[in-house]
Structures are given as structure tokens and as C-alpha cells.
1. Mind counting lysine pairs for me in the chain? Cα separation below 13 Å, and the two need to be 8 or more apart along the chain or on different chains.
2. On a 0 to 90 degree scale, rounded to 10, what angle separates helix 3-20 from the longest Cα axis of the chain?
3. Pick out which of Arg17, Arg67, Arg29 has the largest mean-square fluctuation in a Gaussian network model of the chain, springs linking Cα atoms closer than 10 Å.
4. Would you kindly give the portion of the calculated P(r) for region 37-94 that falls above 18 Å, as a percent of all Cα pairs?
5. Once phi is turned into θ = phi - 60°, what whole-Hz ³J(HN,Hα) does the Karplus curve with 6.51, -1.76 and 1.60 give for every residue of region 96-112, x standing for Gly and Pro?
6. Under 5 Å between amide hydrogens, which residues at least 5 positions from Gly25 or on another chain qualify, with H placed 1.01 Å from N in the peptide plane?
7. Helix-derived [θ] at 222 nm for the chain: sum -39500 (n - 2.57) over DSSP H runs of at least 4, divide by residue count, nearest 500?
8. Of the listed values [x] 0.92; [y] 0.98; [z] 0.95, identify the label whose number matches Rg/Rh (Cα atoms, Kirkwood Rh) calculated from this model.
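Quick note: the coordinates plus some simple rules give every number you see, no bench work behind them. Remember, it's a predicted structure, so these values are computed and weren't measured experimentally.
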Amino acid sequence: MSKKVIKKTERRNKIRRRIRSTITGTPERPRLSVYKSNKKTYLQLIDDLNSVTLAASNAESGVDNARKAGEEIAKLANDKGINKVVFDRSGYKYHGIIKAAAEGARDGGLDF
């Protein structure tokens, strides 16, 4: 990896640690974590107190697919009786895929 890629990764991880120090997921209000790779976007509902993943969804990379993944995770959450979550953007800027996933989850019925 080039120095530029390593610097970007270190910067994102620093932001991610800062965000994670302030938010935690509970069974009543789990953390909606978003991770994106070059090929896919992953969303998880996580209960940090019990260290359990309550629901997960993924989709091919792209804004439209991220919105669909957000709607799918909202449907899974509603089936489990969860309607409030804490959003964890994992150090990514809130635009593009991350914003689409969040808006899809909101459209699906999640409140955050």
C-alpha cells in the first residue's frame, strides 16, 4: 500500500475511535454500523452491552444499492421490534453511500 492509502486509513480509524468513544448500542437502541468496501456496503445492528449482532444486511457498492440495504435493515429491525437506533458512520463522511444507507433506513421506519 502507498503512504497515501495508509494515511487515509489511519485518519478514518482515528475518527472512528473518536465516534465509538461517545456512542454505544443497547438492546433497546442498538448501534447501526456502516462499513463499505470497494465491492459491497455492509450494515449491522449491534448491541454493544452484550456484544451481539442483532441483524445484518449487505449490498453491492453503489448509492441505490446502499439505500436498498438501509431499507432492508430497517425491515429486519422492525421485525425484531426495534425502531430506534444510534447511527455509526464509522469515520466515513456523511455523503454518498453512507448518506443513502442512512436515508434508506429512515425511510424503512428507523428513528435516529
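1. For the chain, qualifying lysine pairs total 6.
2. 30
3. Evaluated over the chain, the most mobile residue of the options is Arg17.
4. When every Cα pair of region 37-94 is considered, 34 percent fall beyond 18 Å.
5. Rounded to whole hertz, the list is x, 5, 5, 5, 5, 5, 5, 5, x, 5, 5, 4, x, x, 7, 10, 7.
6. It is Arg31, Asp48, Leu49, by chain and number.
7. Dividing the helical sum by the residues of the chain leaves -14000 deg cm²/dmol.
8. Recomputing Rg/Rh (Cα atoms, Kirkwood Rh) here picks out [y].
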